[in-house]
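**Student:** Have a look at the structure that comes next, please.
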Amino acid sequence: MNTGDRSVLLHELVRYATLAPSSHNTQCWKFRAQGNLITIEPDLARRCPVVDPDDHHMFVSLGCATENLMHAALAYGLKANAKFNASGMGTVSISLDATKALASPLFQAITERQCTRGDYDGKPLSMEELRLLEQAARGNGVAVLLLTERSAMEKVLEYVVSGNTAQMNDPAFVEELKAWIRFSNDEAVRTGDGLFSGSSGNPAMPRWLGSRMMRLFFTPKSENERYARQIRNSAGIAVFVSDANDKAHWVETGRCYERFALQATSLGIRNAFLNQAVEVGSIRPQFAAALGLGHLRPDLVVRFGRGPALPWSMRRPVQSVLV
Ligand SMILES: Cc1cc2nc3c(=O)[nH]c(=O)nc-3n(C[C@H](O)[C@H](O)[C@H](O)COP(=O)(O)O)c2cc1C
């Protein structure tokens, strides 16, 4: 392969990586691609210090991008080997070696996956579907709890409501969130990032109107009622928990979550995060205790089930994320 073709291929792999989820759709990553190596670095200009003070979600997002890149590499005949380097802020290095191409079902799901924040149909999944999800989410030092009993899901709801109430009563949280909301189509397309209103099932409108509507209608009560309804119409809740609370494990958690999400997508199952109880530092230990996790940190909370798709969220072009 000549250098030009190689560079086109590496850029295509980066494009697949950028289709991964990231907290508030910040796309908090930068890529260096050369020869047989791609490095993913956190983009510190895209931190969210209020919702993510220790950069946990930022490194989980890098893990999600890593996982996409690895499946895409294999589809193009490259076996990827990912390693976390703890030096500096922490980066992920992915080396690529020639192998037989395989476009796996998880690769094929990359362009179909989305975080679907709408209502689900309330029907349970089969044992085989739950087994496949659990298997996909298993990782090195990361476990997933799949809660499908109604009593366990109601217990999670209590903590989601406490976390959400705390966040929505925190003006700094609301300001940071608002800065990442893209109220109109124009805003979403122009920035190529952030939380597009349509992707949350809300109507698109100009920013001045969206900000006013948010003040009027985005209340702890209305949001908590929506979470209660949406947990009750989900088939289950997945809680990701890692063995250690460090960046290497946060990246691994992101990889496990992304495999879970791609496996779900390939089975026609949707998912959406409900991270409030793990984001609020004062509630997280109580939530961990209620789940019987002892000293372990619950990393991510995700509901899943079947339901209609919502509009896709935007991505920035590959050129903007290459160093
Ligand atoms: C670490 C992490 C945390 C997230 N937390 C939440 C959350 O608490 N609530 C939510 O609705 N979405 C959450 N998201 C989903 C992102 O907002 C979503 O991935 C992003 O908007 C891009 O949309 P897409 O995944 O549909 O492509 C989270 C994503 C990641 C990777």
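The values are calculated or read from the model by the stated rules, or taken from the named source; none is laboratory data. Fair warning: this is a prediction, and the values are worked out from it, not measured in the lab. Ideal geometry is used to build each Cβ from the backbone, glycine not excepted, and the neighbour counts take in all protein chains shown. Just the protein is used for accessible areas: all its heavy atoms, side chains included, with ligands, DNA and RNA removed. Shrake-Rupley method; radii C 1.70, N 1.55, O 1.52, S 1.80 Å.
**Student:** Cβ-Cβ under 6 Å, sequence separation 6+ or interchain: first residue in segment 80-103 and assigned to a strand (DSSP E or B), partner open to solvent by 80 Å² or more (accessible area, probe 1.4 Å). Which pairs?
**Tutor:** From segment 80-103, the pairs are S93/K83; S95/N81; D97/K79.
**Student:** Let me ask you something else. Suppose the filter is under 15 Å from the mean Cα position of the chain (by Cα) and outside the structural domain of L195 (by TED's automatic domain parsing); does S313 pass it?
**Tutor:** Values: under 15 Å from the mean Cα position of the chain (by Cα): yes; outside the structural domain of L195 (by TED's automatic domain parsing): yes.
Against the criterion (under 15 Å from the mean Cα position of the chain (by Cα) and outside the structural domain of L195 (by TED's automatic domain parsing)), S313 qualifies.
**Student:** If we keep just the residues of segment 187-231 that are under 23 Å from A45 (Cβ atoms) and in contact with a strand residue (DSSP E or B) (Cβ under 7 Å, 6 or more places away or on another chain), which is surrounded by the fewest Cβ atoms within 10 Å (Cβ to Cβ)?
**Tutor:** Filtering segment 187-231 down to residues under 23 Å from A45 (Cβ atoms) leaves 187-196, 199, 207.
Within this subset, residues satisfying the condition of being in contact with a strand residue (DSSP E or B) (Cβ under 7 Å, 6 or more places away or on another chain) are 188, 191, 194-196.
On the way: A188: 24, T191: 15, G194: 20, L195: 22, F196: 24.
Filtering segment 187-231 for residues that are under 23 Å from A45 (Cβ atoms) and in contact with a strand residue (DSSP E or B) (Cβ under 7 Å, 6 or more places away or on another chain), the one surrounded by the fewest Cβ atoms within 10 Å (Cβ to Cβ) comes out as T191.
**Student:** So M70 fits all but one of (1) crowded, with 18+ Cβ neighbours inside 10 Å; (2) more than 16 Å from the ligand (Cβ to nearest atom); (3) assigned to a loop (DSSP other than H, G, I, E, B); what number is the exception?
**Tutor:** The number of the failed condition is (3).
**Student:** From the list D54, D5, exactly one residue is farther than 24 Å from S313 by Cβ and either assigned to a loop (DSSP other than H, G, I, E, B) or within 16 Å of the ligand (Cβ to nearest atom) (or both). Which is it?
**Tutor:** Details: D5 fails: either assigned to a loop (DSSP other than H, G, I, E, B) or within 16 Å of the ligand (Cβ to nearest atom) (or both).
Exactly one residue qualifies, and that residue is D54.
**Student:** Take A244 and decide whether it is of a type outside the set (D, E, K, R), touching a strand residue (DSSP E or B) at 6+ places or on another chain (Cβ under 9 Å) and surrounded by fewer than 23 Cβ atoms within 10 Å (Cβ to Cβ). So that I can check it myself, show each step before the final result.
**Tutor:** Values: of a type outside the set (D, E, K, R): yes; touching a strand residue (DSSP E or B) at 6+ places or on another chain (Cβ under 9 Å): no; surrounded by fewer than 23 Cβ atoms within 10 Å (Cβ to Cβ): yes.
Considered against the rule, which asks whether it is of a type outside the set (D, E, K, R), touching a strand residue (DSSP E or B) at 6+ places or on another chain (Cβ under 9 Å) and surrounded by fewer than 23 Cβ atoms within 10 Å (Cβ to Cβ), A244 comes out as no.
**Student:** Take the residues of segment 226-266 that are of a type in the set (V, I, T) and in a helix (DSSP H, G or I): which is farthest from the chain's Cα centre (by Cα)? Outline the logic, then answer.
**Tutor:** Quick first cut of segment 226-266, residues of a type in the set (V, I, T) only: 231, 237, 239, 241, 251, 253, 265.
Restricting the remaining residues to those that are in a helix (DSSP H, G or I) gives 231, 251, 253, 265.
On the way: I231: 18, V251: 12, T253: 10, T265: 14 Å.
So the residue we want is I231.
**Student:** Among the residues of segment 260-274, write down those that are of a type outside the set (A, V, I, L, M, F, W, C) and surrounded by fewer than 23 Cβ atoms within 10 Å (Cβ to Cβ).
**Tutor:** Step one: filter segment 260-274 for residues of a type outside the set (A, V, I, L, M, F, W, C), giving 263, 265-266, 268, 270-271.
Result: Q263, T265, S266, G268.
**Student:** Which condition from (1) more than 16 Å from the ligand (Cβ to nearest atom); (2) open to solvent by 20 Å² or more (accessible area, probe 1.4 Å); (3) under 24 Å from D193 (Cβ atoms); (4) touching a Phe, Trp or Tyr at 6+ places or on another chain (Cβ under 9 Å) is the one that L13 breaks?
**Tutor:** The failed condition is (2).
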